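These notes are about the structure you will find just below.
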Amino acid sequence: MTPLRVSIAASIASILLILIVFELIRSRRLRERYALLWLATGVALLVLSAWRGGLNTIAGWVGVSTYPPAVLFAVATVFILAVLLHYSTVISRLSDQSTILAQRVALLEQQALSGSPVAPRDGGAGLRPVPTESATQSES
Amino acid sequence: MSEPPLSAPRRIAIVPARNEEGAIGLVVAEIRAFDPGLDVLVIDDGSVDRTAARAAEAGATVVRLPFNLGIGGAVQTGFMYALAHGYELAVRLDGDGQHDPSELPKLIEPVLRGDADIVVGSRFAAPPFDGDTDSYRPPLARRAGIRFFAGIVSLLVRQRVTDTTSGFQALNGKGIRLFADDYPHDYPEVEATVMVVKHRLRLLEVPVLMREREHGSSSITALRSAYYVLKVTLALLVGVFRRKAVPARD
């Protein structure tokens, strides 16, 4: 059985994580889009910390008989891996986008300085300045 | 086709479009036929087809985003353009043709009369919603989602709101300024509704008919629905705990 103190300490830690993430969103330092995985982590850990019977049951399933709280570590690790992997994809997208932005800015600058227009990619609509606000948004 | 709404203010139609080469030309042409004094601005949100070229051929000014920003970033680009060019009235229509320009007077007139700062066209505001012929009727799951958010938003803004996902809107200068300054990111309409009221702008809903999409598919697919609901619910929840927004500059 999980020691009561472990359950209490882990619950407090999980609640802290949820509150910190919430405050970061509230103060606009973290977008909802990137907070969802963190909140899922916090909620999963809170449930497993507080619901001691459940933790024991899951420990039984995966063959952890000596020390059920080890399952907490395992679950936390899985979630942290998921967050990291997600962020790796986000960073890749951002780096692609900043390449495109730099190229567009450089072409516009050349065009503005020389007065000779660069032909737009598809010969259709005009090339215009790029708003950099919300450049991280993508439907991916 | 009703008569052009007044000779009055400088006005612009903001049309976000992504991969709508099949529909965008007609959308732009319809808007221009409805009111030749309405400048049409198409925000091409990272299309990989000929959306930008089709829109330009039909007579729109086109802003091409270098990559896909999502609807929030695209629409806000339009509001930034409108603000920078001194437009006093903006309407927003989707680039897929589901918003009928002949419905625009219903949206524009309350703004011109000074009854509201932002007017939203609602599919559900009109009482006889069943059995009608033309009106667009979303699938059951979407209707449930729309109802869910309409209920929450109505509570938050203390005003009856029936369609929080409508992108069919008209705004005056105050609305343009607010949205150019601050606009929610992906799936923006629900949060924007709350934001408008928090900034003490007057919001009005009017019943409109919407058409079925003619081309392409909705940006909200099955997989994204879960993200949509979670993200918007979280944003609304967090919004409750944000400090009262400052009134918009005036």
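The values are calculated or read from the model by the stated rules, or taken from the named source; none is laboratory data. Every value quoted in this text rests on a predicted model; they were computed, and no experiment measured them. Methodologically, a virtual Cβ is constructed for each residue, glycine included, from the backbone with ideal geometry; neighbour enumeration extends over all protein chains shown.
So which pairs qualify, if the first residue must be in the range B:46-60 and more than 9 Å from chain A (Cβ to nearest Cβ) and closer than 16 Å to B:Ile14 by Cα, the second must be part of a helix (DSSP H, G or I) and of a type in the set (A, V, I, L, M, F, W, C), the Cβ gap must be under 6 Å, and the two must be at least 6 apart or on different chains?
Sorted first by the residue in the range B:46-60, then by its partner, the pairs are B:Ala58/B:Val28; B:Ala58/B:Ala29.
Could you run through the range B:164-179 and say how many residues are among the hydrophobic types (A, V, I, L, M, F, W, C) and in a helix (DSSP H, G or I)? Quick ask: steps written out before the conclusion?
First pass over the range B:164-179, keeping only residues among the hydrophobic types (A, V, I, L, M, F, W, C): B:168, B:170-171, B:176, B:178-179.
Now restrict to residues that are in a helix (DSSP H, G or I): B:176, B:178-179.
So the count comes out to 3.
May I ask you to say which residue of A:Leu45, A:Leu81 is surrounded by 14 or more Cβ atoms within 10 Å (Cβ to Cβ) and part of a helix (DSSP H, G or I)?
Of the residues listed, the single one that is surrounded by 14 or more Cβ atoms within 10 Å (Cβ to Cβ) and part of a helix (DSSP H, G or I) is A:Leu45.
For residues that are more than 14 Å from chain A (Cβ to nearest Cβ), farther than 25 Å from B:Leu230 by Cβ, of a type in the set (A, V, I, L, M, F, W, C) and in contact with a helix residue (DSSP H, G or I) (Cβ under 6 Å, 6 or more places away or on another chain), tally how many sit in the range B:156-190.
2
Determine whether the range B:27-38 contains at least one residue that is among the acidic types (Asp, Glu), farther than 19 Å from A:Leu101 by Cα and modelled with pLDDT under 95. Reasoning before the result, please.
Keep residues of the range B:27-38 that are among the acidic types (Asp, Glu), which gives B:30, B:35.
Those left that are additionally farther than 19 Å from A:Leu101 by Cα: B:30, B:35.
From what's left, modelled with pLDDT under 95: B:35.
Yes; the residues of the range B:27-38 include at least one that is among the acidic types (Asp, Glu), farther than 19 Å from A:Leu101 by Cα and modelled with pLDDT under 95.
Only one of B:Val197, B:Val190 is closer than 20 Å to B:Ile146 by Cα and surrounded by fewer than 20 Cβ atoms within 10 Å (Cβ to Cβ); which?
After applying the criteria, what remains is B:Val197.
Looking only at the range A:12-56, which residues are small (Gly, Ala, Ser) and under 14 Å from A:Pro69 (Cβ atoms)?
Pass one, the range A:12-56, residues small (Gly, Ala, Ser): A:13-14, A:27, A:35, A:40, A:42, A:44, A:49-50, A:53-54.
Matches in the range A:12-56: A:Ala13, A:Ser14, A:Ser49, A:Ala50, A:Gly53, A:Gly54.
Would you mention how many residues in the range A:14-42 are under 16 Å from A:Val83 (Cβ atoms) and surrounded by 16 or more Cβ atoms within 10 Å (Cβ to Cβ)?
Quick first cut of the range A:14-42, residues under 16 Å from A:Val83 (Cβ atoms) only: A:14, A:17-18, A:20-21, A:24-25, A:30-42.
Now restrict to residues that are surrounded by 16 or more Cβ atoms within 10 Å (Cβ to Cβ): A:14, A:17-18, A:21, A:24-25, A:30-39, A:41-42.
The number of residues fulfilling the criteria is 18.
Residue check: is B:Leu201 at pLDDT 90 or above, in a helix (DSSP H, G or I) and more than 14 Å from the chain's Cα centre (by Cα)?
Judged against the criteria, B:Leu201 is not a match.
Which numbered condition in (1) more than 13 Å from chain A (Cβ to nearest Cβ); (2) surrounded by 22 or more Cβ atoms within 10 Å (Cβ to Cβ); (3) not small (Gly, Ala, Ser) is the only one that B:Gln98 fails?
With respect to (1) more than 13 Å from chain A (Cβ to nearest Cβ); (2) surrounded by 22 or more Cβ atoms within 10 Å (Cβ to Cβ); (3) not small (Gly, Ala, Ser), B:Gln98 is out only on (2).
So which residues in the range B:58-81 are in contact with a Lys or Arg (Cβ under 6 Å, 6 or more places away or on another chain) and surrounded by fewer than 24 Cβ atoms within 10 Å (Cβ to Cβ), if there are any at all?
Across the range B:58-81, the qualifying residues are B:Gly59, B:Pro66.
Residues are listed down the side, and each one gets a yes or a no for (1) modelled with pLDDT under 90; (2) surrounded by 21 or more Cβ atoms within 10 Å (Cβ to Cβ); (3) among the small types (Gly, Ala, Ser):
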residue	(1), (2), (3)
B:Phe168	no, yes, no
B:Val208	no, yes, no
B:Gly216	yes, no, yes
B:Ser219	yes, no, yes
B:Ala222	yes, no, yes
B:Leu236	no, no, no
B:Val240	yes, no, no
B:Ala248	yes, no, yes
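What number of residues within the range A:89-104 are hydrophobic (A, V, I, L, M, F, W, C) and over 17 Å from B:Arg64 (Cα atoms)?
Of the residues in that region, 3 qualify.
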